[in-house]
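Asks: Handing you this structure, nothing more for now.
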Amino acid sequence: MSVSQKNLQRAQRKYRIRATVQGTTERPRLSVFVSNTNVSAQIIDDSKHHTIAACTSVGSKVAKGTMTEKASWVGAEIAAAAQKAKVSKVVFDRAGKQYHGRVKALADAAREKGLEF
């Protein structure tokens, strides 16, 4: 399978997921992005087209180690930012990635810090 075919299939999975996962004011969407070197997460209210909180490992001196450790750190930080913004329940958007490894580490860390999804 070529790289372009893999990217196409991931994009199709992403659009299928996004068709059913919508962030509202009561339950905003926790969107996760994982690149080769960094992890990012945003809490988004799709009804207002507004980002409530965001966290990334880009340029962070605290987030060191493996990618799984970076993902755990981002999950804990996004949960803290959500609590500061008075958000306790979210809808999880894995953006076409498998719920495995880095995505799972981020989700578990966010759940441990009190975010419900």
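The values are calculated or read from the model by the stated rules, or taken from the named source; none is laboratory data. Only a predicted model underlies this, so the values are computations on that prediction, with no experimental measurement involved. Positions of Cβ are generated from backbone atoms using ideal geometry, with glycine treated the same way; all protein chains shown enter the neighbour counts.
Asks: Out of curiosity, is residue 80 over 24 Å from residue 18 (Cα atoms), modelled with pLDDT of 95 or more and of a type in the set (A, V, I, L, M)? Can you show your working first?
Replies: Values: over 24 Å from residue 18 (Cα atoms): yes; modelled with pLDDT of 95 or more: yes; of a type in the set (A, V, I, L, M): yes.
In short, yes.
Asks: Sticking with this structure for a sec: Checking the conditions here, which among 75, 65, 23 is on the phi > 0 side of the Ramachandran plot and not charged (D, E, K, R)? Outline the logic, then answer.
Replies: Working: 75 fails: on the phi > 0 side of the Ramachandran plot; 23 fails: on the phi > 0 side of the Ramachandran plot.
65 is the lone residue from the list that is on the phi > 0 side of the Ramachandran plot and not charged (D, E, K, R).
Asks: Just a yes or no: is a residue in region 16-27 part of a strand (DSSP E or B) and either within 11 Å of the chain's Cα centre (by Cα) or loosely packed, with under 15 Cβ neighbours inside 10 Å (or both)? Lay out the reasoning, then the answer.
Replies: Just the residues of region 16-27 that are part of a strand (DSSP E or B), to begin with: none.
No, the conditions are met nowhere in region 16-27.
Asks: Shifting gears a bit: Could you please find all residues in region 83-117 being modelled with pLDDT of 95 or more, aliphatic (A, V, I, L, M) and either crowded, with 16+ Cβ neighbours inside 10 Å or under 12 Å from the mean Cα position of the chain (by Cα) (or both)?
Replies: 87, 90, 91, 103, 105, 106, 107, 109, 110, 115
Asks: Next up: With 91, 74 as the choices, which residue is touching a residue at least 60 places away in the same chain (Cβ under 8 Å) and among the β-branched types (Val, Ile, Thr)?
Replies: On the way: 74 fails: touching a residue at least 60 places away in the same chain (Cβ under 8 Å).
Checking each option against the conditions leaves just 91.
Asks: Okay, next question. Looking at (1) in a strand (DSSP E or B); (2) on the phi > 0 side of the Ramachandran plot, can you tell me which one residue 92 breaks?
Replies: If we test residue 92 against (1) in a strand (DSSP E or B); (2) on the phi > 0 side of the Ramachandran plot, just (2) comes out false.
Asks: Separate question: Within region 43-68, restricting attention to residues that are touching a residue at least 24 places away in the same chain (Cβ under 8 Å) and among the polar types (S, T, N, Q), which residue is surrounded by the most Cβ atoms within 10 Å (Cβ to Cβ)?
Replies: The qualifying residue surrounded by the most Cβ atoms within 10 Å (Cβ to Cβ) is 68.
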